[in-house]
Amino acid sequence: MGTQKAIVKENPEAGLVIKDVPIPDKVGPKEVLLKVKAASICGTDLHIYDWNDWSKVNIKPPRVIGHEFAAEVVEIGKDVTSLKVGDYVSAETHIACGTCYMCKTGNKHICQNMKIIGVHTDGAFTNYLVIPEENAWKNPTDLPIEIASIQEPLGNAVYTVLSGDIAAKDVLITGAGPIGLMAIAVARACGAGKIIVTEVSELRKNLAKEMGASFVLDPTKENVLEFVKDLTDGLGVDVGLEMSGKESALETLLSSMKKRGRVSLLGVFDSDPVIKLNNDVIFKGLDIHGITGRLMFQTWYQIKSLLENKRIDLSKLVTHKFPLSKFEEGIKLLKKGEAVKVVLYPE
Ligand SMILES: [Zn+2]
Ligand SMILES: [Zn+2]
C-alpha cells in the first residue's frame, strides 16, 4: 500500500493541509477505485476550510476533501456490473442508503441517512478514492476533464432551472456565482424569455452576459424591483431562482414575482431570513420550493443531454487551473470573488 498527496482537514479548526495519506486498498463488492484526473473547488470546500457551523457538525477530521471531479475507473468490486476498468466517470456526491423512506419513494437525493463524498467519506483532492458503484456517472469520452469535473454543481443549476416551466418565461436569477452562472446558461438553452440577473462582482457580471443574461443589475446600485416592473408591464417575472443565500436578494426576488409565479430556492442562508409572507407569498399565490442536490439520476441525464447536444458552453467558467499543491491560491481567489471555478490536478 503506497501513499498519495491529499488535501486534508487535519484538525477541527480553520485551514486545510496537503499531506501524504494511504492510497485506499479496500474496494467493497459494490464499490469502485478511481484515479482522479481533475477536481474543482466548491463553495462547500470554502466552508470546510473556514470550519463553519455546518462543517463542525458534518466533518470528522482527518478527512480528505473534494467532491467535484473527473476520474478513471482503475479497479472494480466483485459485484460491480455497470462499470469496467478504464471507464471515464464523474460522480453524484450524495451517497444514498437505498432503504429509507425517502430512497424508497424515489427521493434518494434527500436520503435520511445521506453521506456526502469529501465530507462523510474521503474525497477527490488526491490521486485515488473509492466510491459506490451507484454514484459513478459515466462520461462521454470526448468531454473535457475540466467540464466533467464541474457537472455536480451544474446539476444543482439544471435541477433548479428545470424544476418548473422555463420556456418563454421571464426569469430573475439572484446571484451569479458558479451555479447562478450555470443556471443562466441552462435557462437560455431551454428557451427562457428575458433573463434578469443580479450580481455585484464585475467578473461575474460579465460572465452572466456571456452565459446569456438579457440584463445584469448591481442590486447595490440599481432598483431591481422598479427595473423588473418596467420590463414586465408591472406584472413581475414568472420564475425566480434564488442563488445567492442573501436575505436582501430573497426579498427583492419575492417582491419581483408575478402572481402565481414559481420560486426555486437553492442558495443557503447564514441565518433564516424574514420574508413578507402575507403580501409577497400568500396573496400572490406563489409556488415556492427548496432545491438540494440533484435528482438521482434524472438530473444527470438532463446534464448529459445539454452537454452532448452542445446546448451549453461552460468553458469560460473554468477561470483557473492549478496543480493540487497550489490549492491555497485557488481558495484565495475564490474568496476574493476573482475566480469562478478553480480546477486542481493531482500530481
Ligand atoms: Zn460542490
Ligand atoms: Zn436513504
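Quick note: the coordinates plus some simple rules give every number you see, no bench work behind them. Note that this is a predicted model, so its numbers are computed, not measured. In this analysis, Cβ positions are derived from the backbone assuming ideal geometry, glycine residues included, and neighbour counts consider all displayed protein chains.
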- Specify the residue with the greatest mean-square fluctuation among Thr121, Thr220, Thr299, computed from a Gaussian network of the chain linking alpha-carbon atoms under 10 Å apart. Thr220
- Report the paramagnetic label zone for Asp25: residues of the stretch 94-138 whose backbone N is under 17 Å from a point 7 Å from Cα along the Cα-to-Cβ axis. 128-130
- Message: I need the peptides 168-175, 128-135, 25-32 ranked by packing, meaning the mean over residues of other C-beta atoms within 10 angstrom, with the highest value on top.
- Response: 168-175, 128-135, 25-32
- Item | ³J(HN,Hα) computed for each position of the stretch 109-117 - Karplus, 6.51 cos²θ - 1.76 cosθ + 1.60, integer Hz, glycine/proline x | 5, 10, 3, 6, 10, 4, 10, 10, 4
- Highest GNM mean-square fluctuation, the chain, Cα pairs closer than 10 Å: which of Lys246, Lys316, Lys336? Lys336
- Just list whichever of Lys26/Lys108; Lys209/Lys341; Lys108/Lys341; Lys30/Lys84; Lys60/Lys246 have alpha carbons separated by over 23 Å in the model shown. Lys26/Lys108; Lys108/Lys341; Lys60/Lys246
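Of the listed peptides 136-142, 256-262, what is their order by residue-averaged count of other C-beta atoms within 10 Å, with the highest listed first?
Highest mean packing first, the order is 256-262, 136-142.
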- Message: Given a 10 angstrom Cα cut-off, can you work out which residue in Leu231, Leu317, Leu265 is the most mobile in a GNM of the chain?
- Response: Leu231
- Between the stretch 1-24 and the stretch 211-244, how many Å separate their Cα centres? 44 Å
- Task: Excluding residues on the same chain fewer than 8 positions from Lys19, give the aspartates and glutamates whose Cα lies under 19 Å from its Cα.
- Result: Glu10, Asp45, Asp50, Asp122, Glu328, Glu329, Glu347
- Determine ³J(HN,Hα), in whole Hz, for all residues of the stretch 246-254 in sequence, where each value follows from phi through the Karplus function 6.51 cos²θ - 1.76 cosθ + 1.60 and θ = phi - 60°; x replaces Gly and Pro. 10, 4, 5, 5, 5, 4, 4, 4, 5
- Message: Please list 3J(HN,Hα) in residue order for the stretch 70-76, calculated via the Karplus relation 6.51 cos²θ - 1.76 cosθ + 1.60 where θ = phi - 60°; whole Hz, with x for glycine and proline.
- Response: 10, 8, 10, 6, 10, 7, 10
- Spelling it out for Ile131: with amide H atoms placed in the peptide plane at 1.01 Å from N, the residues 5 or more places away or on another chain with amide H under 5 Å from its amide H are Val32, Leu34
- What does the charge add up to near Val342, with Lys and Arg as +1, Asp and Glu as -1, over the other residues with Cβ less than 15 Å from its Cβ? +1
- Item | Summed side-chain charge close to Cys190 - residues other than Cys190 whose Cβ falls under 12 Å, Lys, Arg +1, Asp, Glu -1 | +2
- Note on the structure: Long-range amide H partners of Trp137, meaning residues 5 or more apart or on another chain whose placed amide H is closer than 5 Å, are Ser90, Ala91, Glu92
- Query: Where does the charge balance sit around Lys30 when Lys and Arg score +1, Asp and Glu -1, over other residues with C-beta under 14 Å from its C-beta?
  - Reply: -3
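Given axes a ≥ b ≥ c from the Cα gyration tensor, I'd like to know whether the stretch 121-236 is rounded (a/c under 1.5), prolate (a/b larger than b/c) or oblate.
The shape class here is prolate.
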- Where does each of Phe327, Phe215 land when they are ranked from fewest to most other beta-carbon atoms within 10 angstrom? Phe215, Phe327
- Message: Cut-off is 10 Å between beta-carbons; in what order do Met1, Met102 appear when sorted fewest neighbours first?
- Response: Met1, Met102
- Query: Under the rule of -39500 (n - 2.57) per DSSP H run of 4 or more residues, summed and divided by the residues of the chain, what mean residue ellipticity at 222 nm is obtained, to the nearest 500 deg cm²/dmol?
  - Reply: -7500 deg cm²/dmol
- Once you have the Cα-Cα distance between Met1 and Ser325, take 0.36 nm times their residue separation minus that, and quote the gain in nm to one decimal. 114.4 nm
- Item | Pairwise FRET efficiency - Lys310 versus Asp53, Cβ, R0 = 45 Å, nearest 0.05 | 0.65
- Note on the structure: Nearest-0.05 FRET efficiency for Lys229 and Lys138 at R0 = 51 Å, using Cβ-Cβ distance, is 0.65
- Message: Restricting to bridges with both residues inside the chain, how much of the DSSP beta-bridge set is antiparallel, in percent to the nearest 5?
- Response: 55 percent
- Item | Ascending count of other beta-carbon atoms within 10 Å, so fewest first, for Cys97, Cys42 | Cys97, Cys42
- Message: Based on the alpha carbons, how large is the Rg to Rh ratio for the chain when Rh follows Kirkwood?
- Response: 0.98
- Label-to-label distance, nm, for residues given as Ser271 and Leu46 (7 Å Cα→Cβ offset): 2.1 nm
- Would you please give the residues with an amide H less than 5 Å from that of Gly66, counting only those at least 5 places away or on a separate chain, with H modeled from the backbone geometry? Ala124, Phe125
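Which shape class applies to the stretch 158-290: rounded if a/c is under 1.5, otherwise prolate when a/b exceeds b/c and oblate if not, where a ≥ b ≥ c are the square roots of the Cα gyration tensor eigenvalues?
Numbers: a/c = 1.32, a/b = 1.20, b/c = 1.10.
It comes out rounded by the Cα gyration axes.
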